[in-house]
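The values are calculated or read from the model by the stated rules, or taken from the named source; none is laboratory data. It should be emphasised that the depicted structure is a prediction, and the values quoted were computed from it without experimental measurement. Using ideal geometry, Cβ is built from the backbone for each residue, glycine included, and neighbour counts are taken over all protein chains shown. Note: areas computed on protein heavy atoms with side chains; ligands, DNA, RNA excluded. Shrake-Rupley method; radii C 1.70, N 1.55, O 1.52, S 1.80 Å.
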Amino acid sequence: MSSIKDFASHFFVTGDPLIYGSDVAIVLVSLAIIFVLTYFKKWGWLWREWLTTVDHKKIAIMYLIASLLMLLRGGIDAILMRIQLAFPNMHFLQSEHYNEIFTTHGTIMILFMAMPFMFALYNAVVPLQIGARDVAFPYLNAVSFWLFFFGALLLNISFVIGGSPNAGWTAYPPLSGLEFNPGPGENFYLLALSISGIGSLATGINFLVTILKMRAPGMKLMDMPLFTWSVLASCVIIIFAFPPLTVALALLLIDRLLGAHFFTMAAGGNPMMYINLFWIWGHPEVYIVLLPAFGVYSEVVSTFSKKKIFGYKSMVASMMIISVVSYFTWLHHFFTMGAGADVNTFFAIATMLIGIPTGVKIFNWIFTMFRGRIRLTQAMLWTIAFIPCFAIGGATGVMLAIAPADYQYHNSYFLIGHFHQALIGGVVFGYLAGLYYWWPKMFGFKLDERLGVWAFWFWQIGFYVCFMPQYALGFMGMTRRIYTYPDGLGWGSLNLVSTVGAFLMGVGFIIQVWQILYSIKYGERDVTGDPWDGRTLEWSIPSPAPLYNFAVIPHVKGMDAWWMMKQEMKEKPAQIKPIHMPKNSGIPFIMSVFFFIAGFGLTFHWFWMGGFGLLGVAVCMFIRSFDYDTDYYITVDEIKRAEAS
């Protein structure tokens, strides 16, 4: 009995009332889900319609739900940190718990909120914008989602089982090495990111091929909508940036599991190599998530200004230049490493140069709005709010790019203010604009306007109240990841103001959740398929899009294809043929479960479980290799019935 108690005390996280509360919440929510599915007899429906789906539109919805849940989790972490810092000498959180929270907050927001939100928009929009029936590899698309999902699950259970990672979201060795971090927390981090990273890389390949090979007849590259261009540029970065991260995580995992010393100074290793590999992925990652937001802004500005986008070619060139130059900026994250003036100068100039193509786009959006017939919809509000916010983020980024000055800003709260300005102002605002813009196409109804405006203003006011004081705190000497601080430094009032701002953003998010629930019942239904008088092909089909997307693949004659069709007043072609579609499959889900089992086992050094999980993965791949019943046809009668409904 004592051995069981000893095992349980190490296996489960104990001793913190917040964790006990979370345990109870997890159990109650799990029981509620099981009860609802059983009571309404929805287990079969869940399996057939969602767990086994390869439909890009349903995968988009699953990505979206997951990202909103992760936004809630990461947001709660942020609120807890801000409460801890609101006053001097606070002990609301234990110091170890605080370390875990700032680690999981950063990891979740970057990799398990922003990335799936981005993939939700990829899946919901790109095939429709280019006139395709699906992505190039629907089965791989399902594998990508479930790998992300179970990677995210692996990281999230760490706060109640085993303990969360606590070495920061970058997991620098030696702090993340076995010597200084012997618990399972860092293993959770490394394995969760590795599993989900495989899915992210596969998504990048999938959408690159989809865009290059599956465009509708007549759609040349320079006819593509700018959102699709932004996804193409983002996929290029994913394909070249994720492998270095995978290598860094794998080497650190080998250090921890097998006793190697890739990053151990005393044994001939070099921790700076991990830091270089991490940021070779890490800074391009900013543009991986930022470029699609630029694509969203371009679509929204053009539609709601009722004008063709200004400077289309320069926009395309800017995004592709960013996708290349972003690889040459990583070292600005550690100018203070001591690489030398020549190396620092190269990366300082490269970092400043990337501001030029970014600035080009902002001027293009402003000139598109100039003399346009602007409609201040929710999507447009978020887009307009982005411009001044991101301009400040960009200007402070250039300040950080000045290597000598960076010695003063490094690891300070100035940096915290900057990257939240760039990532919330650039990415979150953009994805929310995209969510409001494409919501009717995904779900068939609009989100309530009044509640959306309330949420918008709470977010906006909260954002500036939260992050503007942090620039000043950085100048006053407050460093990042600080647990508490003594009275008398003059930081208390600014930290309190910053905490109030975080709560205001939290209120904005709660209103958005209510907005979605309210709109499900009362939202205006989209019966036209084109509620915004759009310009691109996704608005040429019903909302939500049918299973096959297009009854007849359109023939494109130029940019803004749907706008041109509307101007020419042409009827849609009526010749319908049977449509070839992929069959659903349960293997992606089952294989990802085995990945999860392998990851969980290796986290605790249970190699038998890790081996079992990897064997399951291999068996799934073997079965898939001999599965030839993978497709079917939708008949003409079925298509006609769907179109008439």
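What are the residues whose amide H is under 5 Å from the amide H of Phe445, where those residues sit 5 or more places off or on another chain and H is modelled from the backbone?
Asp526
Order of 165-174, 550-559 by packing, highest average Cβ count within 10 Å first? Write out the running numbers ahead of the final one.
Numbers: 165-174: 20.8, 550-559: 17.1.
Descending packing order for the listed peptides: 165-174, 550-559.
Mind ordering 116-125, 322-331 by average Cβ neighbours within 10 Å, highest first? Please report the intermediate quantities before stating the final value.
Numbers: 116-125: 27.9, 322-331: 21.0.
Output ranking for 116-125, 322-331: 116-125, 322-331.
Past 19 Å, Cα to Cα, is the threshold; run Lys308/Lys361; Lys41/Lys583; Lys308/Lys557 against it and keep the listed order. Walk me through the numbers on the way to the answer.
Numbers: Lys308/Lys361 14 Å; Lys41/Lys583 24 Å; Lys308/Lys557 15 Å.
Too far apart for the 19 Å limit: Lys41/Lys583.
Cα extents of the range 365-456 along the three principal axes, largest first, in whole Å?
Principal axes ranked by extent give 52, 29, 22 Å for the Cα atoms.
Taking a probe of 1.4 Å, how large is the accessible area per residue of the chain, in Å²?
On the way: 26960 Å² over 645 residues.
Solvent-accessible surface per residue comes out at 42 Å².
Rounded to a whole number, what % of the accessible area of the chain do carbon and sulfur atoms account for, probe 1.4 Å? Intermediate values should be presented prior to the final figure.
Values: 19480 of 26960 Å².
Ligands and nucleic acids excluded, carbon and sulfur give 72 percent.
Would you mind computing the Rg to Rh ratio of the range 414-532 from its alpha-carbon coordinates, Kirkwood style for Rh? Intermediate results must be reported in sequence, preceding the final value.
Numbers: Rg = 18.2 Å, Rh = 16.1 Å.
When Rh is taken as the Kirkwood radius, the ratio is 1.13.
As I understand it, the dipole of the chain uses +1 on the Cβ of Lys and Arg and -1 on the Cβ of Asp and Glu, about the Cα centre. Which of Met214, Tyr628, Phe475 lies farthest toward its positive end?
Met214
If you average 1/r over all unlike Cα pairs in the range 477-601 and invert the result, what Kirkwood radius do you get in angstrom? Could you put the intermediate results ahead of the total?
Details: mean 1/r = 0.0469 Å⁻¹.
21.3 Å is the Kirkwood radius here.
How big is the range 319-420 by Rg and Dmax over its Cα atoms, in Å?
16.3, 53
Rank these by accessible area, largest first, 1.4 Å probe: His91, His605.
His91, His605
Can you give the charge dipole size of the range 128-243 about its Cα centre, rounded to the nearest 20 debye, using +1 on the beta carbon of Lys and Arg and -1 on the beta carbon of Asp and Glu? List each step's numbers first, then the result.
Numbers: 4 positive and 4 negative charges, 98 e Å.
Roughly 460 debye, rounded to the nearest 20.
Averaged over every viewing direction, what's the projected area of the C-alpha convex hull for the range 152-258? Give it in nm², one decimal, please.
Numbers: hull surface 32.1 nm².
Convex hull of Cα atoms, orientation-averaged projection: 8.0 nm².
On full extension of the chain, what length is gained from His580 through Trp514, given 0.36 nm per residue of separation minus the C-alpha to C-alpha distance? List each step's numbers first, then the result.
On the way: separation 66, 0.36 × 66 = 23.76 nm, distance 3.94 nm.
Additional length available on full extension: 19.8 nm.
Counting only GluC sites (Glu not before Pro) that sit in a DSSP loop (anything but H, G, I, E, B) with at most 15 other Cβ atoms within 10 Å, what is the longest stretch of the chain containing none of them?
Details: sites that count: Glu179, Glu524, Glu571.
Formally, the longest exposed-site-free interval is 180-523.
So what is log10(I(q)/I(0)) for the range 303-356 at q = 0.21, 0.30 1/Å, when the Debye sum runs over its Cα atoms only?
Those come out to -0.77, -1.11, one per q.
Given +1 on the Cβ of Lys and Arg, -1 on the Cβ of Asp and Glu, and no further charges, what dipole in debye does the chain carry about its Cα centre, rounded to the nearest 20?
Values: 38 positive and 34 negative charges, 373 e Å.
Charge dipole, the chain, about its Cα centre: 1800 debye, nearest 20.
Which Rg and Dmax, in Å, describe the Cα atoms of the chain?
Calculated on Cα positions, Rg and Dmax stand at 24.7, 80 Å.
Holding the Cα-Cα limit at 25 Å, pick out from Lys521/Lys566; Lys213/Lys313; Lys313/Lys441 the pairs that are longer than that.
Numbers: Lys521/Lys566 31 Å; Lys213/Lys313 21 Å; Lys313/Lys441 27 Å.
Those over the limit are Lys521/Lys566; Lys313/Lys441.
Please give the solvent-accessible surface of Lys5 in Å², to the nearest 10, using a probe radius of 1.4 Å with every protein chain present.
Near enough 140 Å² of accessible area.
List the chymotrypsin sites (Phe, Trp or Tyr not before Pro) within the range 51-98 that fall in a DSSP loop (any state other than H, G, I, E or B) and whose Cβ has at most 16 other Cβ atoms within 10 Å. The partial results should precede the final answer.
Numbers: sites: Tyr63, Phe92, Tyr98; in loops: Phe92.
Counting only loop positions with at most 16 other Cβ atoms within 10 Å, the chymotrypsin sites (Phe, Trp or Tyr not before Pro) in the range 51-98 are Phe92.
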